[in-house]
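The values are calculated or read from the model by the stated rules, or taken from the named source; none is laboratory data. These figures come from a predicted structure and were not determined experimentally. Neighbour counts are summed over all protein chains in view; Cβ atoms, including those assigned to glycine, are modelled from backbone coordinates with ideal geometry.
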Amino acid sequence: MRAAHLAEFVASEAALTALGGDPVMARLIRRHGRARWGVHGVFPALVRAVVGQQVSNRAARAIFRRLHAATGSEPRRLLALGEAGLGGLGVSRAKARTLRALAEAAAAGAFAGFERLPDEAVRARLLAFKGVGPWTVEMVLIFGLGRQDVWPAADLGLVRQAMRHYRLSSRRDVAELGARFAPYRSVAAHYLWAENDAP
């Protein structure tokens, strides 16, 4: 079962025009077309991101599919599984504890209204949870809330493609590259991620 998304982010003409001024981005835009991605809401995006921490994309997708099939990414259904049930789906003990804490918060309404908060306020609230780091927050901002100006500089897929296409030699260079794409850094990240799946 695939997770349904609440909305779809579609890159604006302004974003495409601004990014198209960069020769590399212009080429990637021609190759991949208009950037778009599903926006899933805060808790489903948290679940997906926590599952994806420090594992391959293939493994993360497999575990998330099993977890979503069992819970629908609904907090109370996830809590009903318990740590043992989560472990049976391939979720590590540490991630199970994080997911349960997030599910308890979601069930209590802790994430209500996040769509109205600025990025830094969302970041501060989510980083208070053990097991949630900057990368996880960035994934929630992009895929949970549809924010268009987030640069996940520690993401391995983005780092790999940024180094390849821009001939960079360090992660610091990748982090600094993001400033070039503001205020459309999420859209630029999408085009670099698309290259990971390109033939």
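List of remarks:
- As a summary of the residue check, residue 83 satisfies the conditions (1) modelled with pLDDT of 95 or more; (2) closer than 30 Å to residue 113 by Cα; (3) in contact with a helix residue (DSSP H, G or I) (Cβ under 6 Å, 6 or more places away or on another chain) except for the one numbered (1).
- Filter result for residue 96 (surrounded by fewer than 20 Cβ atoms within 10 Å (Cβ to Cβ) and at pLDDT 95 or above): no
- Only one of the listed residues (60, 84) is over 20 Å from residue 6 (Cβ atoms), free of Cβ contacts under 8 Å to residues at least 24 places away in the same chain, within 13 Å of the chain's Cα centre (by Cα) and assigned to a helix (DSSP H, G or I). That residue is 60.
- The residues of the range 99-132 that are surrounded by fewer than 15 Cβ atoms within 10 Å (Cβ to Cβ) and assigned to a loop (DSSP other than H, G, I, E, B), listed by number, are 108, 109, 112, 113, 117, 118, 128, 130.
- Output for the range 34-60, where each listed residue is of a type in the set (Lys, Arg) and surrounded by 14 or more Cβ atoms within 10 Å (Cβ to Cβ): 48
- Among the residues making up the range 176-194, a single one is aliphatic (A, V, I, L, M), surrounded by fewer than 15 Cβ atoms within 10 Å (Cβ to Cβ) and assigned to a helix (DSSP H, G or I): 179.
- From the list 158, 168, 177, the one residue that fits, being more than 24 Å from residue 111 (Cα to Cα) and in contact with a Leu (Cβ under 6 Å, 6 or more places away or on another chain), is 158.
- Test: residue 197 is closer than 23 Å to residue 35 by Cα, surrounded by fewer than 17 Cβ atoms within 10 Å (Cβ to Cβ) and of a type outside the set (Gly, Ala, Ser): yes
- Residues satisfying the stated conditions in the range 5-22, i.e. farther than 22 Å from residue 197 by Cβ and either out of contact with any Phe, Trp or Tyr (no Cβ under 7 Å at 6 or more places or on another chain) or surrounded by fewer than 14 Cβ atoms within 10 Å (Cβ to Cβ) (or both): 6, 7, 12, 13, 14, 17, 21
Yes/no matrix, rows are residues, columns are (1) among the basic types (Lys, Arg); (2) assigned to a loop (DSSP other than H, G, I, E, B); (3) assigned by TED's automatic domain parsing to the domain that holds residue 138; (4) in contact (Cβ under 8 Å) with a residue 60 or more places away in the chain:
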| residue | (1), (2), (3), (4) |
| --- | --- |
| 21 | no, yes, no, no |
| 51 | no, no, yes, no |
| 90 | no, yes, yes, no |
| 97 | yes, no, yes, no |
